[in-house]
Amino acid sequence: MTSTPFGQRVEIGDAADIVTARRAARELCERLGFGKADQTRLATAVSELARNVIQYAGTGHCLIEDGSDALNRRIQVVVEDQGPGIANLEQALTYGYSTSGGLGAGLPGTRRLVDDFQIESAPGLTRISIALNKPF
Amino acid sequence: MSSLFDDLRHSRRSAILDEWLSALRAGAPQHTDAPASMLARSDTEAQALYDAILDALIEHQPADSRSTAAKDTPVNLTALLRQWSAEPARQGLSPAQPISGLLALKRILLRELIASPDSSRDTELPWLEQLFDSLALLTFETFGETRERMIAAQSLSLMELSTPVLRLWHRILLLPLVGVIDTQRARQITERLLEAIVQHEARVSILDLTGVPIIDTSVAQHLMKTIDATRLLGTRTVMTGISPEGAQTLTKLGIRFGDVISRATLRAGIAEALLMVDRRIAPVEARRATGGA
């Protein structure tokens, strides 16, 4: 894990890294002045995405950054992996769809949890960016 | 064949060894309560390591100095060095400790090599460097491995500790969950709970989630499976301790626990569980009054 004044990079390789990543997210969230509900929202979202990385790609990393500007506090998280990618994005974002026997709530649920959600996926690179915003 | 390394191995062994040992003692952490037996053991360890390193320097020197194909480190030296590094790792010392000890020896040997008049430094200097580089790597690797094994063992024992199934009352079990629930722990929780249900003929089991930091879809799925399994054994489950933020997050994620009974606090959960087995907690006064009437 490396940290700069503006953010943290967490390598994701096994289950313990999920805990590290979501703790880092929660901490920055708290430092930026987000409430407890927001902290839990973001930590859960990061947990989902990090778990996906381990389950489907094996390894990846997660970048947690302060993106605040003059009007809003903003925390953004980018989760990236070099795995096989998501074959059908539309299906993957549908509630109840899972290729691994899971609940199929991870990605669609994460999308509902956060304020901004962007996903791009191709074989060799999957990048999901999420963010929470809160006016000052 | 180097006469210098031979000298250091045999005729001047005790002088050099003494110098290294005192360097080691100076660099060692100050254990005021370190037993003398421990110090003595580390001395014999250092002696054995010294001999093994010099033997390796003498016998395993590659014929061509520029050949980068390093020969394998001799087996006995590897074993000694592993022990050399694993011990401080087990004692919780810094990785600098075994490595700086090794490098202290390297400095002494280097000085001797440079001071010696007749040595062919072109071949011996790179060889000394090469050997000590690989030894330092091995030391660090061993240190890391030892620590990792310790951590794995500790987390295993922690896992054992953290899934107790408590008998709260006749036919009521309490399972307080604390910490991260991964697949392995979920399996263990399920196993323990099911065994206890059968053993105690439990009608109700309370799953307290107060100590679970995050309930994401994976944790939720594990919990659902556990609850389904207990249902097959004829037990009803009361979930307690989901925080307000947790509840909000779960609904946003779209996770529904369906017909599972859930209470905000363990207290409310216990009251509910008692009701299910037709019990309640009543003040002593009330009972006396009915008893007296």
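The values are calculated or read from the model by the stated rules, or taken from the named source; none is laboratory data. For clarity, every value in this text was computed on a predicted model and none was experimentally measured. Heads up, the Cβs are rebuilt from the backbone with ideal geometry, glycines too, and the neighbour counts pull from every protein chain shown.
Answer yes if at least one residue in segment B:109-120 is more than 28 Å from residue B:19 (Cβ to Cβ), among the hydroxyl-bearing types (Ser, Thr, Tyr) and touching a helix residue (DSSP H, G or I) at 6+ places or on another chain (Cβ under 7 Å), and no otherwise.
Scanning segment B:109-120, I find no residue that is more than 28 Å from residue B:19 (Cβ to Cβ), among the hydroxyl-bearing types (Ser, Thr, Tyr) and touching a helix residue (DSSP H, G or I) at 6+ places or on another chain (Cβ under 7 Å), so the answer is no.
Give the residue, chosen from B:203, B:236, B:263, that is in contact with a Gly (Cβ under 7 Å, 6 or more places away or on another chain), basic (Lys, Arg) and modelled with pLDDT of 90 or more. It would help to see each step written out before you state the result.
On the way: B:203 fails: in contact with a Gly (Cβ under 7 Å, 6 or more places away or on another chain); B:236 fails: in contact with a Gly (Cβ under 7 Å, 6 or more places away or on another chain).
Matching residue, one of B:203, B:236, B:263: B:263.
Test residue A:94 against the criterion of being among the polar types (S, T, N, Q) and either more than 14 Å from residue A:131 (Cα to Cα) or touching a residue at least 40 places away in the same chain (Cβ under 8 Å) (or both), and give yes or no. Spell out how you get there, then give the answer.
On the way: among the polar types (S, T, N, Q): yes; either more than 14 Å from residue A:131 (Cα to Cα) or touching a residue at least 40 places away in the same chain (Cβ under 8 Å) (or both): yes.
Here the answer is yes, as residue A:94 does meet what is asked.
I'm trying to understand the selection: among the residues of segment B:186-209, which are surrounded by fewer than 18 Cβ atoms within 10 Å (Cβ to Cβ) and within 14 Å of another protein chain (Cβ to nearest Cβ)?
If the condition is that a residue be surrounded by fewer than 18 Cβ atoms within 10 Å (Cβ to Cβ) and within 14 Å of another protein chain (Cβ to nearest Cβ), then B:187 is the only one that fits.
On the basis of being outside any loop (DSSP other than H, G, I, E, B), crowded, with 19+ Cβ neighbours inside 10 Å, more than 10 Å from chain B (Cβ to nearest Cβ) and not polar (S, T, N, Q), does residue A:18 make the cut?
Values: outside any loop (DSSP other than H, G, I, E, B): yes; crowded, with 19+ Cβ neighbours inside 10 Å: yes; more than 10 Å from chain B (Cβ to nearest Cβ): no; not polar (S, T, N, Q): yes.
Spelling it out, it is not the case that residue A:18 is outside any loop (DSSP other than H, G, I, E, B), crowded, with 19+ Cβ neighbours inside 10 Å, more than 10 Å from chain B (Cβ to nearest Cβ) and not polar (S, T, N, Q).
Output the number of the condition that residue B:250 fails; it satisfies all remaining conditions of (1) within 14 Å of chain A (Cβ to nearest Cβ); (2) modelled with pLDDT under 90.
(2)
Would you check which residues across segment A:27-37 are under 22 Å from residue A:15 (Cβ atoms), within 14 Å of chain B (Cβ to nearest Cβ) and without any contact (Cβ under 8 Å) to a residue 60 or more places away in the chain and list them?
Taking segment A:27-37 first, the residues under 22 Å from residue A:15 (Cβ atoms) are A:27-29.
Filter once more, keeping what is within 14 Å of chain B (Cβ to nearest Cβ): A:27, A:29.
Matches in segment A:27-37: A:27 only.
Considering only residues that are in a helix (DSSP H, G or I) and more than 14 Å from every other protein chain (Cβ to nearest Cβ), look in segment A:38-95 and name the one that is surrounded by the most Cβ atoms within 10 Å (Cβ to Cβ). Break it down stepwise before answering.
Pass one, segment A:38-95, residues in a helix (DSSP H, G or I): A:38-57, A:89-92.
Cutting the leftovers down to more than 14 Å from every other protein chain (Cβ to nearest Cβ) gives us A:57, A:89-91.
Values: A:57: 18, A:89: 14, A:90: 8, A:91: 13.
Checked segment A:38-95; the qualifying residue surrounded by the most Cβ atoms within 10 Å (Cβ to Cβ) is A:57.
Output the qualifying pairs, or none if there are none: Cβ atoms under 8 angstrom, residues six or more apart or on different chains, first residue in segment A:99-122 and more than 22 Å from residue B:245 (Cα to Cα) and within 14 Å of chain B (Cβ to nearest Cβ), second residue part of a helix (DSSP H, G or I) and at pLDDT below 95.
Short answer, once both residue conditions are applied: A:100/A:55; A:100/A:56; A:102/B:217; A:102/B:218; A:102/B:221.
Report, ordered by the first and then the second residue, all pairs with beta carbons closer than 6 Å, sequence separation of six or more or different chains, a first member in segment B:222-235 that is farther than 10 Å from residue B:190 by Cα, and a second member that is part of a loop (DSSP other than H, G, I, E, B) and small (Gly, Ala, Ser).
That search, which allows pairs on different chains as well, returns B:235/B:202.
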